[in-house]
Amino acid sequence: MRCILLPLLAVLVCLPAAAEDAFPEPRRERIEWVDIWFTDAEKDALPRVLLIGDSITRGYFDGVEKALDGQAYCGRLTSSRSVCDPVFFQELALVLGQYPFAVIHFNNGLHGWDYTEEEYRVGFQRFVDALREQAPGAKLVCGLTTPVQEQGGMSDHAARVAARNAIATEICAAANIPLNDLHAAARPDHFSGDGVHFNNEGKAAQVKLAADAVQAALAK
């Protein structure tokens, strides 16, 4: 185990040497973004839940928060960064260092298309390892990546989403992490029109699945 000082707010991150050395050359999108949000940040009477993902997760976060009202405080880390990008792990360390989380519902799969699936496999394993190491008290739930449609030029990625979900399923099965199959729940009439994001009905279905999965983990 080696400890390295990363530049984002001088976050100290400890990664296994092999994983640390395995990062591929970053392949960035035109716009990269991160959205970190904590509700009831000053309170500690209830357990705290973290949702990790991208704009899809951000879309169903408010509904999950409402569903968990009185049961848990909710926060989110939503980002365009792929698990193949070292900056993602800087963002992750920054958030995991803020609170002890009771449950973490996590996803990563709709960004980083310039990385291969083998690189994604290494990155996703690193993601799971980081969650286990940096949030050892949290119960983990993996939300499978939602599908894409032909609109918006995303049709070429449909098979890749399936491949990435297969990788996530394999890694989580080995780690005894339950899955939340957000992919299977998506219907054609759930999409907003860009082939990636969802309308209110689609978001409502995702809210139900995510909230149920978190509540089940909280109850254990």
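Derivation of every value follows stated rules applied to the coordinates shown; laboratory data play no part. Since we're looking at a predicted model, the values are computed, not measured. Using ideal geometry, Cβ is built from the backbone for each residue, glycine included, and neighbour counts are taken over all protein chains shown.
Can you tell me what percent of all Cα-Cα pairs in the chain are more than 32 Å apart? Walk me through the numbers before you get to the answer.
Working: 3177 of 24090 pairs.
Cα-Cα pairs in the chain separated by more than 32 Å: 13 percent.
So how do R27, R126, R160 line up by other beta-carbon neighbours within 10 Å, fewest first? Let's see the in-between values first.
Numbers: R27 13, R126 22, R160 18.
By the 10 Å Cβ count, ascending: R27, R160, R126.
I need E133, E91 ordered by Cβ neighbour count within 10 Å, fewest first.
Working: E133 14, E91 19.
Ranking E133, E91 by Cβ neighbours within 10 Å, fewest first, gives E133, E91.
Charges only on Cβ, +1 for Lys and Arg, -1 for Asp and Glu: so what's the dipole of region 2-219 about the Cα centre, in debye to the nearest 20?
Numbers: 19 positive and 29 negative charges, 69 e Å.
Taking the Cα centre of region 2-219 as origin, the dipole is about 340 debye.
What is the gain in length, in nm to one decimal, between E118 and A219 on full extension, counting 0.36 nm per residue of separation less the C-alpha to C-alpha distance?
Result: 32.8 nm gained on full extension.
Please list, in chain and number order, the residues 5+ apart from F191 or on another chain whose amide H is under 5 Å from its amide H, with Hs placed from the backbone.
Here the answer is N199, since their amide H atoms fall under 5 Å of that of F191.
Counting other C-beta atoms within 10 Å, which of C84, C142 has the fewest, and how do the rest follow?
C84, C142
Quick one: of the DSSP bridges fully inside region 2-219, what percent are antiparallel, nearest 5? Don't skip to the end; give the middle numbers.
On the way: 10 of 26 bridges.
Within region 2-219, antiparallel bridges account for around 40 percent of the total.
If r is the Cβ-Cβ distance from R27 to S55 and R0 is 25 Å, what FRET efficiency results, to the nearest 0.05? Don't jump to the answer; show the numbers that get you there.
Values: r = 19 Å, r/R0 = 0.77.
According to the calculation, E is roughly 0.85.
In whole Å, largest first, what are the principal axis extents of the Cα atoms in region 18-92?
Cα extents, longest axis first: 44, 27, 16 Å.
Can you list which of the DSSP-assigned H helices in the chain have a Cα extent of 24 Å or more along the long axis and an average Kyte-Doolittle score of at least -1.0?
On the way: long enough: 117-134 (25 Å, -1.12); 158-174 (25 Å, 0.79); 200-219 (28 Å, 0.23).
Taking the DSSP H segments of the chain (at least 24 Å long, mean hydropathy at least -1.0), we get 158-174, 200-219.
Work out, step by step, the length gained on full extension between E42 and N199: first 0.36 nm times the residue separation, then minus their alpha carbon distance; give nm to one decimal. Write out the running numbers ahead of the final one.
Details: separation 157, 0.36 × 157 = 56.52 nm, distance 3.27 nm.
This chain segment gains 53.3 nm when fully extended.
Can you run phi through the Karplus equation (6.51, -1.76, 1.60; θ = phi - 60°) for region 183-198 and list ³J(HN,Hα) in whole Hz, with x for Gly and Pro?
5, 5, 7, 6, 10, x, 7, 8, 7, 7, x, 9, x, 10, 8, 10
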